[in-house]
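J.: The following block contains the structure, expressed as structure tokens.
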Amino acid sequence: MPELPEVEVVRRGLATHLVGRTFVRISVLDARSLRRQVGGSDDFVSRLTGRRVVDIKRRGKYMWWVLDDDSTVVVHLGMSGQVLVNDGAPHHRHARIIGELDSGTSVVFADQRLFGGLFLDDSNPPSAISHIALDPLDPLFDDSALVERMRNKDVSVKRCLLDQALISGIGNIYADEALWRARLHFEKPAARISRAKMIELMGHARDVMTEALDQGGTSFDALYVNVEGESGYFARELNAYGREGQPCGRCGTAIRRASFMNRSSFFCPRCQRKS
DNA sequence: TTATGTTCCTGCATGC
DNA sequence: TGCATGCAGGAACATA
């Protein structure tokens with residue numbers, strides 16, 4: 001599932017193919033990937049055709065392509081979105097939007113489960129994602145300020161980590177990994193965690209995502225790949241996520257899986273106690 | 001205002 | 001073999 005490291009891998013890979021290039025033709029194969037485009041697919045096509053890309057930015061799991069009129073194409077990969085570059089090979093089975101560039105290369109947005117999508121925004125950075133907080137890899141990210149906000153919430157620590165308005169870029173995988181490293185139970189109330197422990201947790205979140213980025217992201221299957229269609233290697237480094245029944249790397253206790261917020265949480269029942 | 005629940009969506013695994 | 005069901009989960013939106 002694409003979280004911050006995976007989106008950053010895509011952003012970096014895309015930059016070499018997209019920046020400085022002009023869209024000469026846009027094909028909409030499935031308008032559901034333009035669900036958030038206010039004027040619909042016709043508006044998307046007419047406004048993007050002929051525009052040149054001058055930069056690619058990212059905040060959390062959102063990426064946006066800055067155009068030469070300072071408008072932006074906002075891209076979110078959702079659960080299964082991919083942005084691939086294609087120089088003539090047959091298009092991906094789940095290709096939804098195809099942008100042909102003046103270089104002859106195509107940029108393909110593919111998405112199996114249709115939770116992701118693209119839309120145009122008039123401003124840079126996009127006003128539509130103004131509610132998204134800075135991510136831990138942003139130089140302006142303020143650990144102390146975030147910790148204060150989290151400790152004033154009447155929710156669990158994992159719910160805080162997944163709240164993109166508090167801290168962006170973290171999804172289910174890296175939340176579980178950061179909590180495992182910090183020895184914190186996912187349901188522990190944020191208000192009952194000390195400032196020092198919270199600061200430590202932020203450090204682990206930053207570390208685990210940096211390490212994942214260095215290894216090209218986390219891939220469990222073909223749902224996450226870079227722009228060349230290649231998988232990342234961080235899945236083999238995971239200590240908690242997806243390891244139900246396997247021994248904890250610290251104490252050997254079997255990792256457990258629990259249902260939380262309509263998704264799975266993986267944790268060590270010995271290292272990560274609720275109280 | 002804040003916290004929680006629902007919905008969107010497809011492909012794979014599983015059970016009958 | 002074929003069908004039904006459960007599951008995966010990010011985030012906007014609805015509801016309490």
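J.: Give me the extension gain from residue A:91 to residue A:115: residue separation times 0.36 nm, minus the current Cα-Cα distance, reported in nm with one decimal. Working shown, then result.
T.: Working: separation 24, 0.36 × 24 = 8.64 nm, distance 1.98 nm.
Result: 6.7 nm gained on full extension.
J.: Related question: With every protein chain kept in place and ligands, DNA and RNA left out, what is the accessible area per residue of chain A? Probe 1.4 Å, answer in Å². Show your work: numbers first, answer last.
T.: Working: 12250 Å² over 275 residues.
Spelled out: the 1.4 Å probe surface of chain A, per residue, equals 45 Å².
J.: Further question on the same structure: Going by the alpha-carbon gyration tensor, a ≥ b ≥ c the square roots of its eigenvalues, is region A:109-175 rounded (a/c under 1.5) or, if a/c is not under 1.5, prolate (a/b greater than b/c) versus oblate?
T.: Values: a/c = 2.31, a/b = 1.46, b/c = 1.58.
It is oblate, given that a/c is not under 1.5 and a/b is not larger than b/c.
J.: Quantify, in whole percent, the carbon and sulfur part of the accessible surface of chain A (1.4 Å probe; protein heavy atoms only). Show your work: numbers first, answer last.
T.: Details: 5480 of 12250 Å².
Carbon and sulfur together cover 45 percent of it.
J.: If you wrap region A:1-58's Cα atoms in a convex hull and average its projection over all directions, what's the area in nm²?
T.: Values: hull surface 19.2 nm².
Here the figure is 4.8 nm², rounded to one decimal.
J.: Set Lys and Arg Cβ to +1 and Asp and Glu Cβ to -1, take the dipole of chain A about its Cα centre, and tell me which of A:63, A:234, A:27 lies farthest positive.
T.: Of the options given, the answer is A:234.
J.: Then there's this: Determine the distance separating the Cα centre of region A:202-275 from the Cα centre of region A:66-145; give it in Å without decimals.
T.: 25 Å
J.: Still on this structure: Once you list every other residue whose beta carbon is under 14 Å from the beta carbon of residue A:4, what net charge do they have if Lys and Arg are +1 and Asp and Glu are -1? Can you show the working numbers first?
T.: Working: positive: A:11, A:12, A:57, A:58, A:59, A:61, A:206; negative: A:3, A:6, A:8, A:135, A:138, A:177, A:207, A:211, A:214.
It works out to a net charge of -2.
J.: Round to the nearest 0.05 the FRET efficiency obtained for residue A:153 and residue A:16 when R0 = 35 Å and r is the Cβ-Cβ distance.
T.: Working: r = 41 Å, r/R0 = 1.16.
The computed FRET efficiency comes out at 0.30.
J.: What dipole magnitude, in Debye to the nearest 20, does chain A give about its Cα centre under +1 on Lys/Arg Cβ and -1 on Asp/Glu Cβ? Mind dumping the intermediate values first?
T.: Numbers: 38 positive and 35 negative charges, 295 e Å.
Rounded to the nearest 20 debye, it is 1420 debye.
J.: Let me ask something additional. Shape of region A:4-129 from its Cα gyration tensor (a ≥ b ≥ c, root eigenvalues): rounded if a/c is under 1.5, otherwise prolate when a/b > b/c, or oblate?
T.: Values: a/c = 1.11, a/b = 1.04, b/c = 1.06.
Rounded, since a/c falls under 1.5.
J.: What are the radius of gyration and Dmax of region A:143-267, computed over its Cα atoms and given in Å?
T.: So, for region A:143-267, Rg and Dmax equal 14.6, 45 Å respectively.
J.: Using DSSP to define loop residues, name the trypsin sites (Lys or Arg not before Pro) in region A:8-96 whose beta-carbon has at most 10 other beta-carbon atoms within 10 Å.
T.: Details: sites: A:11, A:12, A:21, A:25, A:32, A:35, A:36, A:47, A:51, A:52, A:57, A:58, A:59, A:61, A:93, A:96; in loops: A:21, A:35, A:36, A:51, A:61, A:93.
Sites meeting the loop and neighbour criteria: A:93.
J.: Could you tell me which of rounded, prolate or oblate describes region A:33-74, using a ≥ b ≥ c as the square roots of the eigenvalues of the alpha-carbon gyration tensor, with rounded for a/c under 1.5 and, failing that, prolate when a/b is larger than b/c and oblate otherwise?
T.: oblate
J.: So how do A:227, A:24 rank on accessible area, 1.4 Å probe, biggest first, that is with the largest at the start?
T.: Details: A:227 5, A:24 80 Å².
So, going from the largest accessible area down, we get A:24, A:227.
J.: Let me ask something else. For a quick size check, give me the Cα extents of chain A along its three principal axes, largest first, whole Å.
T.: Cα extents, longest axis first: 58, 35, 29 Å.
The values are calculated or read from the model by the stated rules, or taken from the named source; none is laboratory data. If you're wondering where the values come from, they're calculated on a predicted model, not measured in any experiment. Cβ coordinates were reconstructed from backbone atoms using ideal geometry, including for glycine residues, and neighbour counts include every protein chain displayed. SASA here: full protein model, heavy atoms, side chains in, ligands and nucleic acids out. Shrake-Rupley method; radii C 1.70, N 1.55, O 1.52, S 1.80 Å.
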